[in-house]
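Each value in this text was obtained by applying a stated rule to the coordinates, not by laboratory testing. This one's a predicted model, so the numbers in the text were calculated from it and none came from an experiment. All Cβ positions, glycine included, derive from the backbone under ideal geometry; neighbour counts span all protein chains shown.
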Amino acid sequence: MLNRLGYWLRETFASLRRNLTLTMAAVLTAAVSLLLLGVALLARQGVGNQLVQWKGGVQFIVLLFTAVVLIWNTIRTAMFARRREIEVMKLVGATNWFIRIPFMFEGLLHGLAGGLLAVAGLYGVNYLWKDRVIPKIPDLAALQVSSSQFNLVVILVLVVGMLVGAIGSAVAASRFLDV
């Protein structure tokens, strides 16, 4: 009996540590990807204020695609680590959506947490730009973004993070639903 309890405790803590590591990896990957996307959007807005003719659509699409692929790949890795859990749920009779919804919610929360970290980074970048760089180099003042443009970028980063997290989790979970 004591052997079983020791085994259970050891496996529980190993699983918790593994899932915690994967969760932190997913959140940090989402945060870095979304921060890069947000900085690119801010740069596009700033340059757009200076040069109305600049078209940054291609760069935005490339960065958005890169952020989506990075976040989705991290979610797939986390799902792969939990494939046995999905198999057990499927074998006891759970429907596909009953299995998929908790993973989608978890992905949404990962995307939201990553988005919030990215927003904190964007606030830091915006602060440094407005209060540290522009006073020293006044010629760059035209590259500032307004607060409404900044708020739009913040909302876009949060929404993209949550959508990519939820949809990526649904797609990744679907891969393991065939038992």
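A compact table of results
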| read-out | value |
| --- | --- |
| Estimated vicinal HN-Hα couplings, Hz - segment 107-113 in sequence order (Karplus 6.51, -1.76, 1.60; Gly, Pro = x) | x, 4, 5, 4, x, 5, 5 |
| Mean separation of Cα contacts under 8 Å (6+ apart) over length of segment 23-175, as relative contact order % | 44 percent |
| Local electrostatic count at A173 - Lys and Arg +1, Asp and Glu -1, tallied over other residues with Cβ under 15 Å | +3 |
